[in-house]
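Student: Supplied in structure tokens, the structure appears directly below.
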Amino acid sequence: MLKLLATIALISSFVSAQDLEQKIETFIENSFDNNPNVKSMNVKILSKNSVEGHEKWSAYVVELDAILKKDGRQVVQKMLWFSDGEILTKELFDIQSAKAMSDFVSIPFKDEYYKRENLISGNPNAKYKVAIFSDPLCPFCKSYVPEAINFMKKEPNKYAVYYYHFPLETLHPAAVELVKAAIALELKGRKNVVLDLYKVKVDPKERSHEKILAEFNKTMKSNIKPFELLSKEVTAHFKSDLEIADKMMVNGTPMVFFDGKLDKTKMKYKEAK
């Protein structure tokens with residue numbers, strides 16, 4: 001991860017929104033001038049978001065695109081920066097609640113992210129749209145996701161459930177193979193693949209493709225072959241899910257968006273009327 005030494009800057013309040021964003025980008029780029037590990041750095045503001053309960057402040061989603069000196073490797077990272085037009089800071093806390101200001105920011109879930117291939121339950125014109133990012137080998141996901149999906153499946157005109165594969169490869173390397181197999185099986189027309197995916201019993205640390213796929217096929221009563229996981233269709237779906245997760249700054253599972261807003265309680269679907 002890239003690190004910044006300076007986190008606060010003074011910015012003139014008498015600038016346009018466009019000029020302010022340019023100043024923010026320039027400041028962050030300059031913060032890396034003396035970093036011995038960075039050869040070049042490009043900074044781009046992707047979006048400006050409101051901070052709930054703190055109207056004076058705005059949260060900017062900033063993308064850092066760096067080339068490292070040591071091996072020429074490219075590192076792309078997104079982070080939040082906050083500004084009130086005069087002050088720019090990477091970290092900000094609300095004294096009354098003792099929470100980080102990032103807890104009051106919800107990046108809007110764009111309509112274009114609700115893709116047909118991600119709809120696993122309900123009518124696309126249902127009253128509520130629920131987006132779930134999950135890793136089938138995440139312990140919390142195993143206890144939460146199947147229950148949530150089964151609950152919402154009972155009312156297809158109330159809930160449209162969209163599911164996005166987000167395997168935590170570092171923690172659960174086996175999850176990558178599992179979700180690709182799930183996508184391949186879905187492309188064959190099989191229903192309820194996501195729910196059955198949570199029934200596959202495999203060591204999260206397993207790296208043998210043969211063992212992972214064998215357990216998947218055993219549970220699913222399917223016959224997915226290794227080469228099917230490499231198809232253009234599977235690769236495209238998997239890549240799309242990861243790209244949407246990246247844009248929404250998903251960094252853990254399960255992560256839930258209820259009607260376009262991050263649901264940190266993950267329980268708004270039960271409260272919906």
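The values are calculated or read from the model by the stated rules, or taken from the named source; none is laboratory data. Not measured: the values here are computed from a predicted model. As a convention, Cβ positions derive from the backbone with ideal geometry for all residues, glycine included, and neighbour counts pool all protein chains shown. Surface accessibility is based on the protein's heavy atoms, side chains included, excluding ligands, DNA and RNA. Shrake-Rupley method; radii C 1.70, N 1.55, O 1.52, S 1.80 Å.
Student: Sequence-distant or interchain residues sharing an amide H contact under 5 Å with Lys39, placed H: which?
Tutor: Long-range HN contacts for Lys39: Ile67, Leu68, Lys69.
Student: Right, here's the next one. Can you give me the C-alpha center-to-center distance between the stretch 27-49 and the stretch 177-210, rounded to a whole angstrom?
Tutor: 39 Å
Student: Quantify, in whole percent, the carbon and sulfur part of the accessible surface of the chain (1.4 Å probe; protein heavy atoms only).
Tutor: 51 percent
Student: Now for a separate question. Would you tell me the accessible area of Thr26, worked out with a 1.4 angstrom probe on the heavy atoms of the protein chains, in Å² to the nearest 10?
Tutor: 60 Å²
Student: What order do you get for 126-135, 55-64 when each peptide is scored by the mean count of other beta carbon atoms within 10 Å, highest first?
Tutor: Answer by packing, highest mean first, reads 126-135, 55-64.
Student: Please list the non-local residues whose amide H lies under 5 Å from the amide H of Ile87, H modeled 1.01 Å from N, same-chain partners needing a gap of 5 or more.
Tutor: Under 5 Å from the amide H of Ile87: Ile11.
Student: Using θ = phi - 60° and the Karplus form 6.51 cos²θ - 1.76 cosθ + 1.60, what ³J(HN,Hα) does each residue of the stretch 75-87 get, whole Hz, x for Gly and Pro?
Tutor: In residue order, the calculated couplings are 10, 10, 9, 10, 8, 9, 10, 10, 8, 10, x, 10, 10 Hz.
Student: Applying the Karplus parametrisation 6.51 cos²θ - 1.76 cosθ + 1.60 with θ = phi - 60° to the phi angles of the stretch 192-205, what ³J(HN,Hα) value in whole Hz is obtained for each residue in order, glycine and proline being reported as x?
Tutor: So the Karplus estimates, Gly and Pro as x, are 6, 5, 4, 4, 5, 4, 6, 9, 5, 9, 8, 5, x, 8 Hz.
Student: Would you mind checking the tilt of helix 174-187 against the longest principal axis of the Cα atoms of the chain, expressed as 0 to 90 degrees and rounded to 10?
Tutor: The answer is roughly 60 degrees.
Student: What is the P(r) of the chain, as percent of Cα-Cα pairs per 5 Å bin from 0?
Tutor: Histogramming the chain at 5 Å steps yields 1, 5, 11, 14, 15, 14, 13, 11, 8, 5, 3, 1, 0, 0 percent.
Student: Sorting check: for 222-229, 148-155, which peptide has the highest mean count of neighbouring beta carbons within 10 Å, and how do the rest follow? Mind showing how you got there, number by number?
Tutor: Details: 222-229: 14.9, 148-155: 16.6.
Going by the mean number of other Cβ atoms within 10 Å, highest first, we get 148-155, 222-229.
Student: So, counting K/R as plus one and D/E as minus one, what does the shell of residues with Cβ under 9 Å around Glu63 add up to?
Tutor: Result for the neighbourhood of Glu63: +1.
Student: List the aspartates and glutamates whose alpha-carbon lies under 17 Å from that of Lys273, not counting same-chain residues fewer than 8 positions away?
Tutor: Reachable aspartates and glutamates: Glu155, Asp259, Asp263.
Student: Another question, if that's okay. Hey, can you rank 231-237, 104-110 by average C-beta count inside 10 Å, highest first? Let's see the in-between values first.
Tutor: On the way: 231-237: 14.7, 104-110: 17.7.
Most protected by this proxy first, the peptides run 104-110, 231-237.
Student: Which value at 222 nm does the chain reach when only helices count, each DSSP H run of 4 or more adding -39,500 (n - 2.57), with the total divided by all residues and rounded to the nearest 500 deg cm²/dmol?
Tutor: The helix contribution divided over the chain gives -9000 deg cm²/dmol.
Student: Taking Cα centroids, how far is the stretch 91-120 from the stretch 134-167 in Å?
Tutor: 18 Å
Student: For the stretch 86-220, what is the accessible area per residue in Å² when the probe is 1.4 Å?
Tutor: The answer is 51 Å² per residue.
Student: Still on this structure: Which far-off residues, 5 or more places away or on another chain, put their amide H under 5 Å from the one on Ser47, with H placed in the peptide plane?
Tutor: Sorted by chain and number, the residues that satisfy this are Val61.
Student: Identify all lysines with a Cα-Cα distance to Lys232 below 20 Å; exclude those on the same chain that are fewer than 8 residues away in sequence.
Tutor: Output for Lys232: Lys115, Lys180, Lys188.
Student: Another question, if that's okay. Calculate one ³J(HN,Hα) per residue across the stretch 56-68 by plugging θ = phi - 60° into the Karplus curve 6.51 cos²θ - 1.76 cosθ + 1.60, and present them in order as whole Hz with x for glycine and proline.
Tutor: Each residue's phi maps through the Karplus curve to give 5, 9, 10, 10, 10, 7, 10, 9, 9, 10, 10, 10, 7 Hz.
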